[in-house]
Every structure is written in structure tokens, then in C-alpha cells.
Amino acid sequence: MSRRVQAVIIGSGPAGLILSQLLLHAGIEAVILERRSQDHVLGRIRAGVLEQGMVEMLERAQCAQRLHAEGLVHGGINLAFGGERHRIDLATLTDGKHVTVYGQTEVTRDLMEARAHDGGESVYEAADVTPHDFDGDHPYVTYRKGGAEHRLDCDIIAGCDGFHGIARQSVPEAAITTYERIYPFGWLGVMADVRPVNDEIIYANHPKGFALCSMRSKTRSRYYVQVPVEEKLEDWPDQRFWDELRSRLDPQAAESMIIGPSIEKSIAPLRSFVAEPLRFGRLVLAGDAAHIVAPTGAKGLNLAASDIYYLHEALVAYFKDGSDAALAAYSGRALARVWKAMRFSWWMTALMHRFPDTGAFGQKIQEAELAYLVSSTAASTSLAENYVGLPF
Ligand code: APR
Ligand code: PHB
């Protein structure tokens, strides 16, 4: 069975869903092909710190109502080191900008509901999705569903299928350059239905390693501790996690921490990855399909929205005015912002984590940089403007 649509979007994660809604509202017909079920996609545990730019993208996609109703607006973040905690006043340092804590799962749910409500077409459990002929003028995508082979002829294929997706893998090796940094540690994360230890996020630097106190709501907390990359989950019963987390925080947080049974526990490796360029004829990449940031700067989800900011503008110009100029500029514009976020996430990771070669001298240097950071308006302004999100 074959038919023609204007665009095929591979992947129903945040990148694919935001793009699909913006194209739909621009009257451009796009079909999403997702290999997993809707419940599986919604079942993924991911972060949830939204830059203002991301919130504006969701408003443009007309699905920010619940975000505004339930999201937690944070005007600051906290850095804990040397037994003390220091607040970075994001709002004052950035003329009123802030971040919003709202889980990626909730963002994905809102986008899926908006798409269903607006009559957008998504094919879940689409197997063997394969892009074809995107280096020519007649690209198409094939997939299997319900025991039948399907073909979608289109003008543009948007690869929003994450790091392990088919889109980037379909690009000839000679046409793509990749840059990668794999960190020698991971994050052990726990989700628990306990009141968060603080009403803002705490990033902790400690000789025993990094720790992070975040939340999903006023009654659900998300905590992380840095662990060696080969660590085993079974070696971390809840009580050991809580003891280790508290031992890395300032005394006030350690004493006021409310603990409880974990409802989710997992270890995630840390890497930085960028693929260049983002356009290959009629195939474009966006989101995790093109880049992965270390989670320390909370940029992963926001970079997916950032790419879509540039890509949807380019596709509207392409389909509405037949102009290829914006599409030709997409890769450069999106990657310029990707690398700045990559640098910030790498810098936050280097500052806050314990590396095998950190040693006593390295620890002192980290603490000196943190002491400078919290005592210098210039330095904390740089942190704040990167954290709330650089302009598109
Ligand atoms: N065919 C169809 N769908 C696929 C394929 C394939 N071959 N491979 C992957 N997918 C789907 C995945 O099942 C997933 O639902 O593509 C989707 C990609 O979604 P994400 O991985 O969430 O990527 P993205 O939309 O770019 O969002 C980036 O996700 O991982 C977080 O930190 C990251 O927050 C960032 C956000
Ligand atoms: C999270 O809430 O999961 C979270 C918050 C901040 C980060 C990373 C993850 O930098």
C-alpha cells in the first residue's frame, strides 16, 4: 500500500511530536511513524527542566495549558559544595527569566493528546521503518504494520528517532561527522513519592562524587548520585542510596531529607555526542537523533525543541514559499546553538563531578571555581543565562 504525504516524521518523542504539531497548525500534512506503542513511549522516565524557549515552543504547539497549571516555576538553582549551599538567582541575573520543572513524560503526553485532538496521524508499532532515496527528489519511507508493507512517498523525511534510531544510521558514513565524549561514570537515579528536600534544584559537588536533588512535583522527588559506570543496580538497596545521597549534601539538606521507597531506580551512562551536518538532501535530523548532552545542564529535552524551532521555520518556508534557503540554513543555525549547550553541559559536568584523575588538587580547583562562581556576578550571570537557555 502506498500514498503521498508532504512530510514523514520518524519518532514520536518530544522532537517529532512538537514538529508534527507546528506543521499541522501550518497546514502541512505530516505522518509520524513510531516503532513502539504509545504506552511504551509514555512509560520512559526522563528529566524535566524546561527552558523558557521550550515553554514558548509548546505554547506555539498549543499544548502548554497543563504545563502552566502544574509546572513548577523556578527562579533559581542551588550549588552545594564544601559543606555549604549557595543559591544562584536566575531571575535577577537574567532580567526575570526562569525554568519550569515539568516531567518530559507529561510533555509527551500533552503533545500526544493535542495531536489526537487535532486529528494528526501517528502510526505506532510501525516496524522496519526505512527511509529511501533522500539524496534524490523522490524520497519515500517504507514500514511494516499489521502484517502488510506500507510506503509513504513524501518531500521531506524528518529523523526524530533518537540516538539509536534508523535515520542517522541511514546516512552514508562519508557524509556525516560525529564528535563524542563518554564520561567515566554514570548517574544512579531514584524516583520517590516524598516531599522534595528543597523547593529548587540542588547540584552538589562532593569529594565522594556528584549528587542532584530534583523533583517532578511537590510530592514526587527525583534524586541522583554519581556512580562508577560499571556499578550494579542490585548493589544499591534504597537505604544505601539515601545514606550516600545525604552524605554528599550540605548538613541542612541531609538533616531535612525525607526518605521513602523508590518507585523507579536506574543507572544512566553519561555521554556528549554531536553529528554534523543535520541535513542530507531530503532527510533532516533533529533532537537525540543528532546529539546527546550530558544531563548535568538539563539540556537534552530543550535542545530537541531548539532544533525544531529552526526546522519548522525552514519547512514552512519550504512548503509555503518553495524556498530551499531556510532548509539549507537549518543545519548551521541549529548546530550553533547545540554546541553552546554542549559546551555548557560539558562545563557543568567537569565542574560538579569527580573524575578518576580529579585527585586532591583537582577537588581544590573545582571548589575554587565554585567559590568564584557564587561570589562573582559576572560568573554567576554566565551560568544563569546558559541555564535558563540562550536565545534561539
Ligand atoms: N522507527 C521508528 N521509531 C523509532 C525508531 C525506528 N527505527 N527508532 C527509534 N524510534 C522512536 C523511539 O521509540 C522514540 O519514541 O523515536 C523516538 C525518539 O524519541 P526520543 O529518544 O525521546 O528523542 P527526541 O524526541 O529527540 O527527544 C529528546 O529525549 O532522551 C531524551 O534527553 C533526551 O530529553 C531529550 C529528549
Ligand atoms: C531531573 O529532574 O531529572 C533533572 C534535573 C536537572 C538536571 C538533570 C535531571 O540537570
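Just so you know, all these numbers are worked out from the coordinates, no wet-lab data involved. Only a predicted model underlies this, so the values are computations on that prediction, with no experimental measurement involved. Ideal geometry is used to build each Cβ from the backbone, glycine not excepted, and the neighbour counts take in all protein chains shown.
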Where does each of 217-223, 18-24, 133-139 land if you order them by average Cβ count within 10 Å, highest first? 18-24, 217-223, 133-139
Residue pairs, from the table Lys208/Lys232; Lys218/Lys340; Lys208/Lys299, whose Cα atoms sit over 27 Å apart: Lys218/Lys340
Radius 12 Å from Cβ of Trp236, net charge of other residues (Lys, Arg +1; Asp, Glu -1): -3
Among Pro356, Pro251, Pro228, which one shows the biggest mean-square fluctuation in a GNM of the chain, springs joining Cα atoms closer than 10 Å? Pro356
Neighbour net charge for Trp339 - beta-carbon separation under 15 angstrom, K R +1, D E -1: +3
Using θ = phi - 60° and the Karplus form 6.51 cos²θ - 1.76 cosθ + 1.60, what ³J(HN,Hα) does each residue of the range 166-174 get, whole Hz, x for Gly and Pro? 7, 4, 5, 5, 7, 7, x, 3, 5
Packing rank of 253-260, 95-102, where each peptide gets the mean count of other beta carbons within 10 Å, highest leading: 95-102, 253-260
Taking 1 over the mean of 1/r across every pair of different Cα atoms in the range 140-273, what Kirkwood radius in Å do you get? 18.0
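Hey, got the dipole for the chain? About the Cα centre, +1 on K and R Cβ, -1 on D and E Cβ, debye to the nearest 20?
Taking the Cα centre of the chain as origin, the dipole is about 380 debye.
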Compute for the chain: radius of gyration divided by Kirkwood radius, i.e. Rg/Rh, restricted to C-alpha atoms, rounded to two decimals. 0.98
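Of all DSSP beta bridges located in the chain, what percent are antiparallel, nearest 5?
Among the beta bridges of the chain, antiparallel pairing accounts for roughly 75 percent.
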Take each of the peptides 185-196, 116-127, 79-90, average the number of other beta-carbon atoms within 10 Å over its residues, and list them starting from the highest. 185-196, 79-90, 116-127
More than 18 angstrom separation, counting every C-alpha pair in the range 267-392; what % is that? 59
Quick check: convex hull over the Cα atoms of the range 316-390, volume per residue in Å³, rounded to an integer? 113
Work through the residues other than Gly119 whose Cβ is under 15 Å from its Cβ and net out their charges, Lys, Arg +1 and Asp, Glu -1. -3
